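Reviewing the structure listed below.
Please treat every number below as a calculation from the coordinates, not as lab data. Only a predicted model underlies this, so the values are computations on that prediction, with no experimental measurement involved. Methodologically, a virtual Cβ is constructed for each residue, glycine included, from the backbone with ideal geometry; neighbour enumeration extends over all protein chains shown.
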Amino acid sequence: MSIYTILAMSTITFYMRYAFFVKNLPIKLNNNTQRFLRFTAPCILTSMAAPIVFGEVELSNSDLANPFLVAGLFTISVSCVIKNTLAVVLLSIFAFSVMKFFFS
């Protein structure tokens, strides 16, 4: 049952996104909407990562050795400097992997 739900959700998502890339459809977005949609990927990544990074609210000395928190802070600082979302994601994955290796 769940595989059919996943396939249905994937199909709906694909066709909803595909509609904006087809040149034959008469859908035209104004500049404000296009500029607004550029923030979709960073917002989705933030909403997925925030519960992982800040899931535990207790603060202790071991938080400095938490690879999720340290990599999250690294990601925030890198994203302020680099405006390319893909580069930030790749650097963050690398930073998390290195910190997970050294802290664990």
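A few remarks follow.
- Net charge dipole, the chain: roughly 740 debye, given to the nearest 20, about the Cα centre with Cβ charges of +1 for Lys and Arg and -1 for Asp and Glu.
- Environment charge at Leu29 (Cβ cut-off 12 Å; Lys +1, Arg +1, Asp -1, Glu -1): +3
- Over the chain, relative contact order from alpha-carbon pairs under 8 Å, at least 6 apart, %: 20
- Taken along the Cα-to-beta-carbon direction at a fixed 7 Å, the label points for Thr5 and Val22 span 2.9 nm.
- Secondary-structure-derived ellipticity at 222 nm for the chain, considering helices only, amounts to -23500 deg cm²/dmol, per-run term -39500 (n - 2.57) for DSSP H runs with n ≥ 4.
- Taking a ≥ b ≥ c as the square roots of the eigenvalues of the Cα gyration tensor, the range 2-103 is classed as prolate, since a/c reaches at least 1.5 and a/b is larger than b/c.
- Cα long-axis angle, helix 85-103 against the chain (0 to 90 degrees, to the nearest 10): 30
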